[in-house]
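Working notes, beginning with the structure itself.
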Amino acid sequence: MNTQDALAARLQAMDELDQYDYFIDAALAASCPDIRRPEYQIRGCVSGLWVRAQLNGGRIEACADSDSLLIRGIAALICRIYTGMTTEEARCTPITFLDGLDLAGELDNTRRSGLRHMIQVIQSIA
Amino acid sequence: MSAVHFRRDFPFFQHHPETVFLDSAATAQKPQAVIDALTRFYAEDCAPVGRSAYKAARQADRRYRTARQTIARFLDADAAGIIFTKSATESANLLARAFARPKLCKGKNIVITAWEHNSNYLPWVEICRESGAELRVARPVSGPDFPVVLDTLTDEHTVLVSCTAASNVLGDTIPLAEISALCRQKQIPLALDGAQYVAHHPVDVQTLGCDFLFFSGHKVYGPTGSGVLYVRPELLDEMAPFLLGGGMICGDDPECYAPGAGRFEAGSPDTAAFIGLAAAIDYLNTLGRDAICIHEQALARQMQDGFRALSHRVQLLGQPAPDASVYTFVCPGAHPFDLACLLNGHGIAVRSGKMCAQHLFDALGQPLGGVRASLACYNTAEDLHRFFNGLEDALNRLQRK
Ligand SMILES: Cc1ncc(COP(=O)(O)O)c(C=O)c1O
């Protein structure tokens, strides 16, 4: 099982409030200083979302921040999945750990969340 | 009659017994009587209205006419001034296009407030932009300020004041009688956005003294797709049709538009929706508007006491009236989206964000928006008890950092 599948299995086993606690923990553990700048902002996210993705020796380094702890936590988990991958690998790695969660529908609403846009930003750094 | 009794009439709660529904300002649940009226129309009475002479069509016509009269009585208005639309949004757009737009040009102005929902903001932005007229946005700090700020901005070039009767964000009382007295004195037509008002207050357009009033049926326990624009009948002739099509001409003469409200109802109407809205009004009358008000006032008291008693720092926005039905709050360190998600984890349905009132949140200095809990007749003391427990728990989880 890869790390994303393990994460998905873990989340599936939790009730909704425990999932939120998990995302909040991830948010509090994440650190992404100096990123709240226009060039890093993902448009169209109601809760404010910033992501910085760069290549270091051909490997992705990504980190993100949000006003919302839940979004910041989820974004941090996404960044953790992509960090260390090549762009080629990232492009072949869809984010699946949120599938089936109650929150997924809400986050899929790109007009509101912008997480999908953030994933595209990470996958397309060259 | 008790709240439990009200609640029993709403099948939603049989399907969602664990849900605390505090989003009625967005849309209200429907009583069985409304669902039955819709089903009955489609099952038994389905026929076109205003077009055909056969028996079923006449029956549909009768029901549709009765619905219009019921809706007119709900506003204490002349049925001749009731225009059916699909929503408050369509009503505001119709008002802007049909009444105001032909009167606008450079030098004229429209006055609204910063408390408006986008439905009563964007149509005015657009027609002012098109015509070169000025859109003046009054900025009251609280409910009692409305007459003064409106007085300052209105003048002899004001074509219309369009103002919310009750905000969808703040529960402040807006002094409607003073606003209408001001507009009457200055001879400026007044439109009221009643979307958040009519479900909670008996309405009488004569006493309110407004020239226009609009609302959405779905927020008054009626079906989606039903909206109303009340026009003081004498003003109907000043309005130019907005949508053109079948059913709006006199007889067979396409050059002649039907007199009165019919001119603004081109095309086949959503007959079932209006019959359903009339059923919602009948239902409210059966419960008794006074009984509902008393029940909602008790909920409002419990709500305000509950906010005061919270152990976390929670800021209620505005100054909710003793009978307020909407409560919007912010909490330091807790994003509204997160709070709404965590409350959902407790089975509590609330709204978060800026609620289509970005201007108001800017004025309030709340760039993240807020969380709104709104009340309706089917809410119970137990609902609010669960809401405050859920809110305490949500804040504990979010503020543990
Ligand atoms: C004050 C106010 N005006 C207008 C509207 C628009 O109503 P609708 O979306 O039903 O057209 C709303 C709905 O939220 C509202 O609260």
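Structure data summary
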read-out	value
Check on B:ALA77, part of a loop (DSSP other than H, G, I, E, B), under 19 Å from the mean Cα position of the chain (by Cα), in the same structural domain as B:GLY132 (by TED's automatic domain parsing) and surrounded by 20 or more Cβ atoms within 10 Å (Cβ to Cβ)	yes
Some residue of the stretch B:34-42 being out of contact with any Phe, Trp or Tyr (no Cβ under 9 Å at 6 or more places or on another chain), crowded, with 16+ Cβ neighbours inside 10 Å and among the basic types (Lys, Arg)	yes
Near pairs, Cβ below 6 angstrom, 6+ apart or cross-chain, from the stretch B:158-179 (of a type in the set (D, E, K, R) and more than 14 Å from the ligand (Cβ to nearest atom)) to any residue that is open to solvent by 10 Å² or more (accessible area, probe 1.4 Å) and outside any loop (DSSP other than H, G, I, E, B)	B:GLU178/B:PRO147
Any hit, the stretch A:78-95, residues being over 19 Å from A:ILE122 (Cβ atoms) and assigned to a loop (DSSP other than H, G, I, E, B)	no
The one condition in (1) open to solvent by 40 Å² or more (accessible area, probe 1.4 Å); (2) part of a helix (DSSP H, G or I); (3) within 16 Å of the ligand (Cβ to nearest atom) that B:THR27 fails to fulfil	(2)
Boolean, B:ALA324 is touching a helix residue (DSSP H, G or I) at 6+ places or on another chain (Cβ under 8 Å), under 20 Å from B:PRO140 (Cα atoms) and open to solvent by less than 20 Å² (accessible area, probe 1.4 Å)	yes
Candidate set: the stretch A:57-77, residues that are within 14 Å of chain B (Cβ to nearest Cβ) and in a loop (DSSP other than H, G, I, E, B); chosen: the one farthest from A:LEU107 (Cα to Cα)	A:ASP67
Members of the stretch B:378-396 found to be within 14 Å of chain A (Cβ to nearest Cβ) and in contact with a helix residue (DSSP H, G or I) (Cβ under 6 Å, 6 or more places away or on another chain), listed by number	B:GLY390, B:ALA394
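Residue-wise test of (1) touching a residue at least 40 places away in the same chain (Cβ under 8 Å); (2) assigned to a loop (DSSP other than H, G, I, E, B); (3) under 28 Å from B:ALA280 (Cα atoms); (4) within 12 Å of chain A (Cβ to nearest Cβ).
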site: B:ASP305; (1), (2), (3), (4): no, no, no, no
site: B:ASP323; (1), (2), (3), (4): yes, yes, yes, no
site: B:CYS341; (1), (2), (3), (4): no, no, no, yes
site: B:MET355; (1), (2), (3), (4): yes, yes, yes, yes
site: B:PRO367; (1), (2), (3), (4): no, yes, no, yes
site: B:ALA376; (1), (2), (3), (4): yes, yes, yes, no
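The values are calculated or read from the model by the stated rules, or taken from the named source; none is laboratory data. Since the structure is predicted, the reported quantities are computational estimates derived from the model, not experimental observations. Positions of Cβ are backbone-derived with ideal geometry, glycine not excepted, and every protein chain shown enters the neighbour counts. Ligands, DNA and RNA are stripped out before the accessible areas are found, and what is left, the full protein with its side chains, is counted by its heavy atoms. Shrake-Rupley method; radii C 1.70, N 1.55, O 1.52, S 1.80 Å.
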